[in-house]
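The values are calculated or read from the model by the stated rules, or taken from the named source; none is laboratory data. Small disclaimer: the values here were computed from a predicted structure and weren't measured. Don't worry about glycine lacking a Cβ; one is built from the backbone with ideal geometry, like all the others, and counts go over all protein chains shown.
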Amino acid sequence: MNQVDVLDIAHSALWVVLETSGPIMLAGLSIGLVIALFQALTTIQEMTLTFVPKIIVIFIAIIVFLPYMMNTLIEYSLTLFDRISVMG
C-alpha cells in the first residue's frame, strides 16, 4: 500500500462521513434557523424552545435518512473490503 492508496481511502472515508451526516446536519441547521428567526421576531428567549424542536427534528431526520445512510456505509465497506482483498 502506497501513499496514493492511503490518501484515496482517507478521501473516500471523509466523503462517506459527509454524505451520511449531511442530511441530519442540514435538518438541524434548518430548524435552528427557523427557531432563531421565530425568537428574533417574537423576542421570546426561552432556552428550552431551541432544544426540544431540534431534538424532535433530528430524531425524525435520522429515521427518514437511516436507509440511505446504511446503504452508503455498506457500499463503502464493501468497496473497502474489495480493495483489502486485492492488496492482500
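Residues that are β-branched (Val, Ile, Thr), in contact with a helix residue (DSSP H, G or I) (Cβ under 9 Å, 6 or more places away or on another chain) and within 30 Å of Met87 (Cβ to Cβ): does the range 15-35 have at least one?
yes
Condition check: among the hydroxyl-bearing types (Ser, Thr, Tyr), in a helix (DSSP H, G or I) and more than 30 Å from Asp5 (Cα to Cα). Does Thr50 satisfy that?
Numbers: among the hydroxyl-bearing types (Ser, Thr, Tyr): yes; in a helix (DSSP H, G or I): yes; more than 30 Å from Asp5 (Cα to Cα): yes.
For Thr50, the condition - among the hydroxyl-bearing types (Ser, Thr, Tyr), in a helix (DSSP H, G or I) and more than 30 Å from Asp5 (Cα to Cα) - is met.
What's the number of the only condition in (1) surrounded by 12 or more Cβ atoms within 10 Å (Cβ to Cβ); (2) at pLDDT 95 or above; (3) polar (S, T, N, Q) that Asn71 fails to meet?
Status for Asn71: all satisfied but (1).
Out of all the residues in the range 27-46, which are within 30 Å of Asn71 (Cβ to Cβ) and surrounded by 12 or more Cβ atoms within 10 Å (Cβ to Cβ)?
Selection gives Ala27, Gly28, Ser30, Ile31, Gly32, Val34.
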